[in-house]
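Enquirer: For reference, the structure I am asking about is given below.
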Amino acid sequence: MPRKLYWVVPALTICVLFARPVRAQEGQQQGAAAKPDSPEVLAHIDKAKKIAGTYWATAEHFLCEAPRANPATDPGPVKLFDNLWAVPGQYSVGNAVTYVLPTSAGIMLIDSGHAKDVESVLLPGLKTLGLDPGNIKVVIAAHGHEDHYGGSAYLQEHYGAHIYMAAADWDFIKLPRPPAPGGNAAPPAPLPKRDMVAFEGVPITLGDESVTPVFIPGHTPGSLGLIFPVKDGGKMHVVGMVGGGFIAQGAASQVSEFIDSLEHFELWTKMMKVDVEIQNHPVFDGFADKLTALRARKPGEPHPFVVGEANYTKFLDLMTECARATMYRQKE
C-alpha cells in the first residue's frame, strides 16, 4: 500500500487559484514579449506530448502550454453512471462541477460550488435529477477554495449536512485572502463550521457508497485526490479525481510538492485500478465531448468516461511532466 504522507506547508503562499504554466504569461497579454522556454522546459513538454498522444492532446496543450479556457455553456444536470450524477453549472477554471452520489442513506456531494450558486444552480439541478436536497447528508470539499466549499455553509445550516475536508484546508479557509485588484472584492462567502476531517486512505462512507481520499497538497495545503467505485449497468468501474485543481503556481518548491502529490496519487490509482477520469474543473479533459457522446450512446457501446487503467496513468504522467515544465520555468 502506498505510504501515508503527512504534509506541513506554508499555507500563506498557496492562495492562488490555478497555475499559468504557459509560455505566454500575463505580460504578453498586455503586449510584453514572452521569455522563450529553456531546453529543459521544452524537454518536459516534449515528453508530455509523447505521453499524451492524440488521446490526451487537449490536456497536454492546456497544462503545458496554454491554460486558457472560457467558461463552458452549462450542459445541465446529467447522469454519468448508475450511481454518479453531475451538476456542472457554467464550469470553468473558477467554477467547480458538483458531483452527486445518491446512496442508500442519503446524498453525498463532491464539492458544493460557489455560495452564490447554491440556490440558483445546485438546488435546482438536484431537483431536475429528481433528488431532494433535504437528503444531502455529506459534502466532501476536494480543496479549500471557495468554488469547492462555498455552498457548504448553506447545506450545513439548512440540511444538517456533514462537511469533510482535510485538516490543513480547514485551517487554510480561515486565512485572509489577498485583496482583489481594484479593491472591489465581493464579501467573503460564509465559512462552514469546522466539522469532519478527511484522513488519507480512510473511506468516507454514506450508506452503500464510499469515497477514498488521498492527500495531494500543492494547490492548497489540504487538497484531496478522490477514488470511488461507479456502476454502468452490470459493470463496475473506479473513478479517480485529482481534486487539487491545476498545477500549483508559486515557488518552485511548491510546484515540486505538487509533483510529489501526483506521483503519490498515481500509486493509489494503480492499486485501486482506476479506469474512469473526471475532474472538478473539467476544462481540459474533453468533458463536453464525452457528455455529447454519452447522450448519444447506444446499448452496448463503450462508456465515454471509461478511459481504461493505462490511459488514466498516462493522464497523471502528462500532468506530472507539465508540472515539471512549470517548475523549471519558475526557476528561470
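Just so it is clear, none of the values below were taken in a lab; they were calculated from the coordinates. Note that the structure is a prediction, hence the values are computed from the model and not measured. Cβ atoms come from the backbone with ideal geometry, glycine included; neighbour counts cover every protein chain shown.
Enquirer: Write out the trypsin sites (Lys or Arg not before Pro) in the stretch 166-272 meeting two conditions: DSSP loop, and at most 15 other Cβ atoms within 10 Å of their Cβ.
Expert: The qualifying sites are Lys174, Lys193, Arg194.
Enquirer: What residue among Ala96, Ala288, Ala153 shows peak mean-square fluctuation when the chain is described by a Gaussian network model with Cα springs under 10 Å?
Expert: Ala288
Enquirer: For the stretch 109-115, what does the Karplus curve 6.51 cos²θ - 1.76 cosθ + 1.60, with θ = phi - 60°, yield as ³J(HN,Hα) per residue in whole Hz, taken in order and with x for Gly and Pro?
Expert: Here the 3J(HN,Hα) series is 10, 10, 6, 10, x, 5, 4 Hz.
Enquirer: For the chain, what does the helix formula give at 222 nm: sum of -39500 (n - 2.57) over DSSP H segments with n ≥ 4, over the residue count, nearest 500 deg cm²/dmol?
Expert: Helix-only estimate at 222 nm: -8500 deg cm²/dmol.
Enquirer: Still on this structure, please answer the following. At 0.36 nm per residue, minus the direct Cα-Cα distance, what do Asn311 and Thr128 gain on full extension? Give it in nm, one decimal, please. Show your work: numbers first, answer last.
Expert: Numbers: separation 183, 0.36 × 183 = 65.88 nm, distance 3.28 nm.
Contour length minus the Cα-Cα distance gives 62.6 nm.
Enquirer: Is the stretch 49-184 rounded, prolate or oblate when judged by the Cα gyration tensor, a ≥ b ≥ c being the square roots of its eigenvalues, rounded requiring a/c under 1.5 and prolate requiring a/b larger than b/c?
Expert: oblate
Enquirer: Further question on the same structure: How large, in Å, is the chain by the Kirkwood hydrodynamic radius built from its alpha-carbon pairs?
Expert: On the way: mean 1/r = 0.0498 Å⁻¹.
With all distinct Cα pairs of the chain included, I get 20.1 Å.
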